[in-house]
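Below: the structure, in C-alpha cells.
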Amino acid sequence: MNEYLAIRNTDLKISRIALGTANAGLAWDGANAFRMLDRYLERGGSLIDSARIYSDWVKPEVGRSERVIGGWLRHRGHHDDMVIMTKGGHPKLESMTIGRLSKEEIETDLDLSLRALSIDTIDIYCYHRDDKSQPVEELIETMQSFVQAGKVRYYACSNWSTQRMKEADSYSERMGYRGFVLNQALYNYGSTWMKPFPDQTMVTVDPEMLNYHANNPRNVLAAYMSLCSGFFHALDSKGEQAVAQSPYYTKKNLELYDAIKSVAADLNTGITQVLVAFILTRKPDMLALIGARTMEQLDAAMDVINVDFTSVSF
C-alpha cells in the first residue's frame with residue numbers, strides 16, 4: 001500500500017494516515033501533547049486534522065484542540081513539514097439542525113482558527129457540515145474569497161452528500177476554480193452494516209459516494225472514524241455486553257470481528273492494523289483519519305505500514 005498520496009492539481013503530498021485531534025487537550029495536553037504530535041511526525045505522518053468545535057462538548061473550554069496544536073506549532077516555530085487541516089461552520093451543539101454556513105459565520109470560525117493555531121494560512125479548510133438551504137455556488141465563492149485573501153490554501157468538505165459535491169464540482173469547473181480537494185465522511189470496516197449513527201448530520205459513505213470518488217480523484221475521500229469508534233477493540237477485550245448499545249452491534253459486524261481476528265492471527269498483527277489496512281487498501285486511494293488517546297494507540301495505527309496485507313481480501 002502507498003504510504004503517501006499526492007492530491008491532483010495541488011502541491012500537496014500527504015501521509016495517508018491523518019491524525020485526528022479531538023483528544024487534544026483531553027487525553028493529551030501540554031508536554032504530553034507535544035510528545036504525541038512529535039511522535040506522529042517521527043512515524044512518517046504529515047496531515048493533522050482538527051476543527052474549531054473540537055472538543056467543545058467538554059465544558060468549559062472552547063476551541064481546545066486548536067489551542068493545543070497552536071501551542072505546539074509555536075514551540076516548533078514552523079509547520080513546513082506538515083499539512084494543517086481544520087474545519088468550521090459546525091452547527092451549535094444545542095441546535096444541530098440549524099446551519100452555520102453564512103459567510104459571516106464561517107469567516108468568524110476561520111479567523112478564530114487562524115488565531116488559535118498561530119498561523120497565517122490554513123493548508124486545507126473544510127466546511128464541517130453542509131447547509132442545503134444555501135446554494136452551492138455561494139458556498140464555493142465564500143471559500144474562494146478566503147483563498148484570495150490568503151487565509152486558506154485549499155478547501156474541502158465534511159459530511160456533504162454526493163449530489164452536493166457534484167454540484168460543487170460542476171460550478172468550480174465552470175468558474176475555473178480548483179474546487180474541493182477532499183471529502184471527510186464516515187467510513188470504516190463496519191460502517192456498511194452498522195445501525196443508523198446517532199448524529200444524523202454525519203454522512204456515511206455508500207456505494208454511490210465510493211463511485212463518485214473513483215471517478216473524481218481530484219476530490220480525495222478522507223475516512224473518519226476509521227477505527228470504528230473502538231467497537232471491535234471493546235468487543236475483543238470486554239465481550240458483547242460491553243458493546244451491545246453500539247450502532248456497530250449487528251450480526252454482520254460480529255461476523256466481521258471473527259474475520260478481523262483471523263487476519264490478525266495470520267499476519268501476527270493487531271485489530272488496529274487490520275482496520276487501518278482496510279482503508280488503505282481500498283480503491284480509489286483514500287485517507288484514514290485516526291484518533292489516538294495514547295502513544296501506544298498511535299504507534300499501533302502507524303505500524304500498519306510495516307505489515308504486508310497483499311494476501312488479504314477484505
Positive end of the charge dipole of the chain (Lys, Arg +1 and Asp, Glu -1 on Cβ, about the Cα centre): tell me which of 106, 21, 249 has its Cα farthest that way.
249
Restricting everything to alpha-carbon atoms, can you work out Rg to Rh for the range 1-119 with a Kirkwood hydrodynamic radius?
0.99
For q = 0.24 Å⁻¹, what log10 I(q)/I(0) does the range 1-50 give under the Debye formula with an equal point scatterer on each alpha carbon and no solvent?
-0.89
Calculated P(r) over Cα pairs in 20 Å bins from 0, in percent (choose from (1) 29, 58, 13, 0; (2) 33, 60, 7; (3) 25, 44, 20, 8, 3, 0), label
(2)
By DSSP, what percent of the beta bridges with both residues in the chain are antiparallel, rounded to the nearest 5?
10
Tell me the mean residue ellipticity at 222 nm calculated for the chain from its helices only (DSSP H runs of n ≥ 4, each -39500 (n - 2.57), averaged over every residue, nearest 500).
-12000 deg cm²/dmol
Other residues with Cβ under 13 Å from the Cβ of residue 52 give, with Lys and Arg +1 and Asp and Glu -1, a net charge of -1
Sparse-neighbour loop sites [trypsin sites (Lys or Arg not before Pro); the range 260-307; at most 16 other C-beta within 10 Å; DSSP]:
293
Distant alpha-carbon pairs in the range 104-258 (separation over 22 angstrom), percent:
50
Please compare each pair in 59/151; 59/252; 87/132; 59/132; 59/238 to a cut-off of 27 Å on the Cα-Cα distance and tell me which ones are over it.
59/151; 59/252; 59/132; 59/238
For the range 186-260, how big is the tail of P(r) above 18 Å, as a whole percent of Cα pairs?
43
Cα pair count fraction exceeding 17 Å, expressed as % - the range 88-138:
37
For the range 131-142, Karplus couplings with θ = phi - 60° (6.51, -1.76, 1.60), whole Hz, Gly/Pro x:
9, 5, 7, 9, x, 4, 4, 5, 5, 5, 5, 4
Magnitude of the Cβ-charge dipole (Lys and Arg +1, Asp and Glu -1) of the chain about the Cα centre, nearest 20 debye, reported as 100
Alpha-carbon centroids, the range 1-52 and the range 134-150: separation in whole Å:
26
Taking only the alpha carbons of the range 264-303, what extent do you get along each of the three principal axes, in Å, biggest first?
30, 25, 11
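Bear in mind these aren't lab numbers, they're just calculated from the coordinates by the rules spelled out. Values in this document were obtained by computation on a predicted structure and should not be read as measured data. Glycine gets a Cβ as well: all are built from the backbone with ideal geometry, and neighbour counts include every protein chain shown.
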